[in-house]
Amino acid sequence: ISHAESILDAMAISAFPNRVQDIDLASKQIKLEITRSRRYHRPLCLVIFSAEVLADETVPGKILFNIQHDLSNRFSIARIGQVIDEHIRLTDVIFRDQPNRFIVLCPETNYENSVLLSKRIAEIVAEKIGISLISGIAAFPDDALNFDDLIDVANNRLSTAKVGVELHHGVELQKT
(Lines give C-alpha, C1' and ligand atoms only; values in the text may rest on other atoms or scores of the structure.)
Protein backbone atom coordinates (compact mmCIF):
# COMPACT_ATOMS: atom_id res chain seq x y z
CA ILE A 1 0.00 0.00 0.00
CA SER A 2 2.80 2.44 0.86
CA HIS A 3 4.45 1.70 -2.50
CA ALA A 4 1.17 2.44 -4.29
CA GLU A 5 0.78 5.66 -2.30
CA SER A 6 4.28 6.80 -3.21
CA ILE A 7 3.52 6.13 -6.88
CA LEU A 8 0.32 8.20 -6.62
CA ASP A 9 2.22 11.03 -4.93
CA ALA A 10 4.88 10.92 -7.65
CA MET A 11 2.16 11.09 -10.33
CA ALA A 12 0.53 14.10 -8.65
CA ILE A 13 3.85 15.91 -8.26
CA SER A 14 4.85 15.21 -11.87
CA ALA A 15 1.50 16.61 -13.02
CA PHE A 16 2.05 19.81 -11.00
CA PRO A 17 5.82 20.36 -10.62
CA ASN A 18 6.93 22.66 -7.82
CA ARG A 19 9.79 23.20 -5.38
CA VAL A 20 7.97 21.93 -2.30
CA GLN A 21 10.32 19.99 -0.04
CA ASP A 22 9.54 17.48 2.66
CA ILE A 23 10.20 19.28 5.93
CA ASP A 24 11.95 16.26 7.44
CA LEU A 25 14.62 16.45 4.73
CA ALA A 26 15.23 20.21 4.92
CA SER A 27 16.62 20.75 8.41
CA LYS A 28 19.96 22.08 7.09
CA GLN A 29 18.26 24.75 4.98
CA ILE A 30 15.95 25.73 7.86
CA LYS A 31 18.91 26.10 10.25
CA LEU A 32 20.75 28.19 7.67
CA GLU A 33 17.86 30.67 7.31
CA ILE A 34 17.31 30.96 11.07
CA THR A 35 21.03 31.45 11.68
CA ARG A 36 21.24 34.10 8.95
CA SER A 37 18.31 36.02 10.43
CA ARG A 38 19.73 35.79 13.94
CA ARG A 39 23.27 36.79 12.92
CA TYR A 40 22.31 39.79 10.79
CA HIS A 41 19.29 40.83 12.87
CA ARG A 42 16.95 40.46 9.92
CA PRO A 43 13.25 39.62 10.01
CA LEU A 44 12.01 36.18 9.05
CA CYS A 45 8.48 34.84 9.06
CA LEU A 46 6.96 31.43 8.84
CA VAL A 47 3.52 30.91 7.30
CA ILE A 48 1.62 27.64 7.64
CA PHE A 49 -1.09 27.08 5.05
CA SER A 50 -3.73 24.44 5.68
CA ALA A 51 -5.97 23.33 2.84
CA GLU A 52 -9.60 22.61 3.52
CA VAL A 53 -10.00 19.74 1.06
CA LEU A 54 -12.81 17.23 0.95
CA ALA A 55 -13.17 15.16 4.09
CA ASP A 56 -11.27 11.90 3.87
CA GLU A 57 -14.28 9.70 4.54
CA THR A 58 -14.33 6.20 3.19
CA VAL A 59 -17.50 4.63 1.96
CA PRO A 60 -17.63 0.94 2.89
CA GLY A 61 -17.86 -1.28 -0.18
CA LYS A 62 -17.21 1.61 -2.55
CA ILE A 63 -13.61 0.95 -3.52
CA LEU A 64 -13.79 2.88 -6.78
CA PHE A 65 -15.23 5.94 -5.03
CA ASN A 66 -12.51 5.80 -2.37
CA ILE A 67 -9.76 5.55 -4.99
CA GLN A 68 -11.19 8.47 -6.97
CA HIS A 69 -11.52 10.53 -3.79
CA ASP A 70 -7.93 9.79 -2.75
CA LEU A 71 -6.57 10.64 -6.20
CA SER A 72 -8.55 13.86 -6.30
CA ASN A 73 -7.15 14.94 -2.92
CA ARG A 74 -3.56 14.08 -3.89
CA PHE A 75 -3.77 16.02 -7.15
CA SER A 76 -5.50 18.97 -5.43
CA ILE A 77 -2.77 19.21 -2.80
CA ALA A 78 -0.04 18.96 -5.46
CA ARG A 79 -1.76 21.76 -7.42
CA ILE A 80 -1.95 23.91 -4.27
CA GLY A 81 1.79 23.43 -3.77
CA GLN A 82 2.39 24.50 -7.35
CA VAL A 83 0.26 27.65 -6.99
CA ILE A 84 1.96 28.64 -3.73
CA ASP A 85 5.35 28.05 -5.34
CA GLU A 86 4.42 30.25 -8.31
CA HIS A 87 3.44 33.16 -6.04
CA ILE A 88 6.26 33.31 -3.52
CA ARG A 89 9.69 34.83 -4.02
CA LEU A 90 12.64 32.73 -5.13
CA THR A 91 14.24 33.40 -1.74
CA ASP A 92 11.23 31.97 0.10
CA VAL A 93 11.33 28.26 0.90
CA ILE A 94 8.29 25.99 0.83
CA PHE A 95 7.91 22.75 2.77
CA ARG A 96 5.19 20.18 3.28
CA ASP A 97 4.80 18.69 6.73
CA GLN A 98 1.39 17.02 6.82
CA PRO A 99 -1.02 15.82 4.16
CA ASN A 100 -2.85 19.12 3.71
CA ARG A 101 -0.29 21.62 5.04
CA PHE A 102 2.46 23.76 3.56
CA ILE A 103 5.03 25.83 5.43
CA VAL A 104 6.61 28.85 3.77
CA LEU A 105 9.75 30.29 5.33
CA CYS A 106 10.07 33.94 4.31
CA PRO A 107 13.49 35.52 4.92
CA GLU A 108 13.65 39.32 5.02
CA THR A 109 9.89 39.49 5.63
CA ASN A 110 8.14 41.07 8.59
CA TYR A 111 4.82 39.98 10.11
CA GLU A 112 2.68 42.53 8.29
CA ASN A 113 4.04 41.56 4.89
CA SER A 114 3.52 37.88 5.72
CA VAL A 115 -0.13 38.59 6.47
CA LEU A 116 -0.47 40.24 3.06
CA LEU A 117 1.29 37.28 1.42
CA SER A 118 -0.98 34.73 3.11
CA LYS A 119 -4.13 36.61 2.11
CA ARG A 120 -2.95 37.00 -1.47
CA ILE A 121 -2.07 33.32 -1.81
CA ALA A 122 -5.36 32.22 -0.23
CA GLU A 123 -7.27 34.37 -2.73
CA ILE A 124 -5.30 33.01 -5.67
CA VAL A 125 -5.77 29.37 -4.58
CA ALA A 126 -9.50 29.93 -4.07
CA GLU A 127 -9.77 31.56 -7.51
CA LYS A 128 -7.66 29.04 -9.44
CA ILE A 129 -8.50 25.80 -7.63
CA GLY A 130 -11.63 26.50 -5.60
CA ILE A 131 -10.08 25.32 -2.33
CA SER A 132 -9.95 27.40 0.84
CA LEU A 133 -6.65 27.96 2.59
CA ILE A 134 -6.27 29.19 6.13
CA SER A 135 -2.98 30.27 7.61
CA GLY A 136 -1.06 30.79 10.80
CA ILE A 137 1.95 33.12 10.93
CA ALA A 138 4.89 33.50 13.30
CA ALA A 139 7.71 36.05 13.17
CA PHE A 140 11.34 35.72 14.20
CA PRO A 141 12.45 37.08 16.66
CA ASP A 142 9.22 38.67 17.93
CA ASP A 143 7.22 35.46 18.39
CA ALA A 144 9.97 32.87 18.82
CA LEU A 145 13.72 32.40 18.60
CA ASN A 146 13.95 28.94 17.03
CA PHE A 147 12.19 27.03 14.28
CA ASP A 148 10.25 24.62 16.52
CA ASP A 149 8.84 27.50 18.55
CA LEU A 150 7.93 29.38 15.36
CA ILE A 151 6.01 26.28 14.24
CA ASP A 152 4.20 26.12 17.60
CA VAL A 153 3.16 29.79 17.47
CA ALA A 154 2.01 29.48 13.84
CA ASN A 155 0.11 26.27 14.69
CA ASN A 156 -1.71 28.03 17.53
CA ARG A 157 -2.67 30.88 15.22
CA LEU A 158 -3.74 28.35 12.58
CA SER A 159 -5.98 26.60 15.12
CA THR A 160 -7.54 29.94 16.04
CA ALA A 161 -8.12 30.66 12.34
CA LYS A 162 -9.78 27.25 11.86
CA VAL A 163 -12.21 27.95 14.70
CA GLY A 164 -12.97 31.35 13.18
CA VAL A 165 -13.62 29.80 9.76
CA GLU A 166 -15.92 27.16 11.23
CA LEU A 167 -17.90 29.78 13.12
CA HIS A 168 -17.96 32.05 10.06
CA HIS A 169 -19.47 29.28 7.95
CA GLY A 170 -22.23 28.74 10.50
CA VAL A 171 -20.82 25.65 12.17
CA GLU A 172 -20.92 26.13 15.90
CA LEU A 173 -18.48 24.17 17.99
CA GLN A 174 -20.21 22.25 20.72
CA LYS A 175 -18.61 22.15 24.15
CA THR A 176 -18.95 18.92 26.06
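The values are calculated or read from the model by the stated rules, or taken from the named source; none is laboratory data. Since the model is a prediction, treat every value here as computed from it, not as a measurement. Ideal geometry is used to build each Cβ from the backbone, glycine not excepted, and the neighbour counts take in all protein chains shown. Remember, those area values only see protein heavy atoms, side chains included, never the ligands or the DNA or RNA. Shrake-Rupley method; radii C 1.70, N 1.55, O 1.52, S 1.80 Å.
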LYS28 passes all but one of the listed conditions (1) of a type in the set (Lys, Arg); (2) in a helix (DSSP H, G or I); (3) at pLDDT below 90; the exception is number (3)
Exercise for the section: Could you tell me whether GLY81 is under 20 Å from LEU158 (Cβ atoms), open to solvent by less than 80 Å² (accessible area, probe 1.4 Å) and assigned to a helix (DSSP H, G or I)? Expected result: yes
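Go through segment 79-112 and report how many residues are of a type in the set (A, V, I, L, M) and touching a Ser or Thr at 6+ places or on another chain (Cβ under 9 Å).
Quick first cut of segment 79-112, residues of a type in the set (A, V, I, L, M) only: 80, 83-84, 88, 90, 93-94, 103-105.
Remaining after also requiring touching a Ser or Thr at 6+ places or on another chain (Cβ under 9 Å): 104.
Within segment 79-112, residues that are of a type in the set (A, V, I, L, M) and touching a Ser or Thr at 6+ places or on another chain (Cβ under 9 Å) number 1.
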Of the residues in segment 108-165, those that are more than 18 Å from ASP92 (Cα to Cα), outside any helix (DSSP H, G or I) and either open to solvent by 50 Å² or more (accessible area, probe 1.4 Å) or free of Cβ contacts under 8 Å to residues at least 12 places away in the same chain (or both) come to GLY130, SER132, ASP142, ASP143, ALA144, LEU145
